[in-house]
Amino acid sequence: MKHLLKMLDLSKEEIIDILNLADQLKYELKHGIPHPHLRGKTLGMIFQKASTRTRVSFEVGMYQLGGYPLFLSANDLQIGRGEPVQDTARVLSRYIDGIMIRTYDQAEVEALAEHGNIPVINGLTDFSHPCQVLADLMTIREYKNRLDGLKLCYIGDGNNMANSLIVGGLKVGMSVSAACPKGYEPHSTVLDFAKGFECFELTDKPIEAAKDADVVITDVWASMGHESEREKRKIAFNGYQVNDEIMAAAKPDAMVMHCLPAHREEEITTKVFEEHAAEIFDEAENRLHAQKAVMVKLMG
């Protein structure tokens, strides 16, 4: 594992290895055991999309690992003024030890990895959100003590979260069902991957997808970059809300997760959100631990 660009690049063994290390680092942090695995290392963090959890968790995580996080907004870099990605990659490779980038185009992340000679971590693109899904899998395993054989249900937009959850869930042995409105399905690359699994289902019927689910996950209907479509999407996603009716179809002890920020009374009701707030905010916390594990694996 040289980079973390998308869930499709990881094997089951690599995913489990990251989760095991994340569990260990979380235990050590909770018990005051220092783990300065990245002492003297610098992570450059490029942000072309706004962030709460990604910025704070990477910055704090790098600090806890003994390293230095360097925040780089698009306004701070020549990449925002037309410098080719490959030139930025080659320059940064001579200054720092790793790059985390949160941007729009997956091709930009892939180009940084191709032309630089330091690890690149995808902090989010329109195609993939691997750091979030590693935290999600970590949280599911904490609550359910396993991943293999569980059913994961995703309801909502076939966006970067859907893409990454489908791949990650299937790779670790989960059954995965996704309910998306017609025209808002996951990426064709992901659907081609999922064709090889009998335990995958794509439907436009949320109740059907939620049947006997161990975990129900949703996301906002209009992700960053789609804000102008918000009203149009509210119509298209009518009936795709995670509510009491959906939860009645899932298993009685089903978890609910959301990558946040949540728009209550749109993709999820306030009632369901608050009933499952413990899982949702453990999930948010686990971004810190999962990403620290990724950084140690790539930069340690």
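Just to be sure I understand, how many residues within the range 133-174 are within 17 Å of V190 (Cβ to Cβ), in contact with a helix residue (DSSP H, G or I) (Cβ under 7 Å, 6 or more places away or on another chain) and polar (S, T, N, Q)?
2
For the range 132-147, give me each residue that is of a type outside the set (S, T, N, Q) and without any contact (Cβ under 8 Å) to a residue 60 or more places away in the chain.
Answer for the range 132-147, where residues must be of a type outside the set (S, T, N, Q) and without any contact (Cβ under 8 Å) to a residue 60 or more places away in the chain: R146, L147.
For the range 254-300, enumerate the residues that are within 15 Å of the chain's Cα centre (by Cα), among the charged types (D, E, K, R) and farther than 17 Å from T218 by Cβ.
Answer for the range 254-300, where residues must be within 15 Å of the chain's Cα centre (by Cα), among the charged types (D, E, K, R) and farther than 17 Å from T218 by Cβ: E285, R287, K292.
Can you find, within the range 265-300, the residue that is surrounded by the most Cβ atoms within 10 Å (Cβ to Cβ) among those that are touching a residue at least 12 places away in the same chain (Cβ under 8 Å) and of a type in the set (S, T, N, Q)?
Filtering the range 265-300 for residues that are touching a residue at least 12 places away in the same chain (Cβ under 8 Å) and of a type in the set (S, T, N, Q), the one surrounded by the most Cβ atoms within 10 Å (Cβ to Cβ) comes out as Q291.
Give the residues of the range 75-112 that are surrounded by 15 or more Cβ atoms within 10 Å (Cβ to Cβ) and among the basic types (K, R), sorted by residue number.
Residue satisfying the conditions is R102 alone.
Give just the number: which of (1) outside any helix (DSSP H, G or I); (2) of a type in the set (A, V, I, L, M, F, W, C); (3) out of contact with any Pro (no Cβ under 8 Å at 6 or more places or on another chain); (4) surrounded by 24 or more Cβ atoms within 10 Å (Cβ to Cβ) does M138 not satisfy?
(1)
Taken together, the values in this text are just the output of simple stated rules run on the coordinates, not laboratory data. Nothing here was measured: the structure is a model prediction, and the numbers come from that model. Note that we place each Cβ from the backbone using ideal geometry, even for glycine, and neighbour counts take in every protein chain shown.
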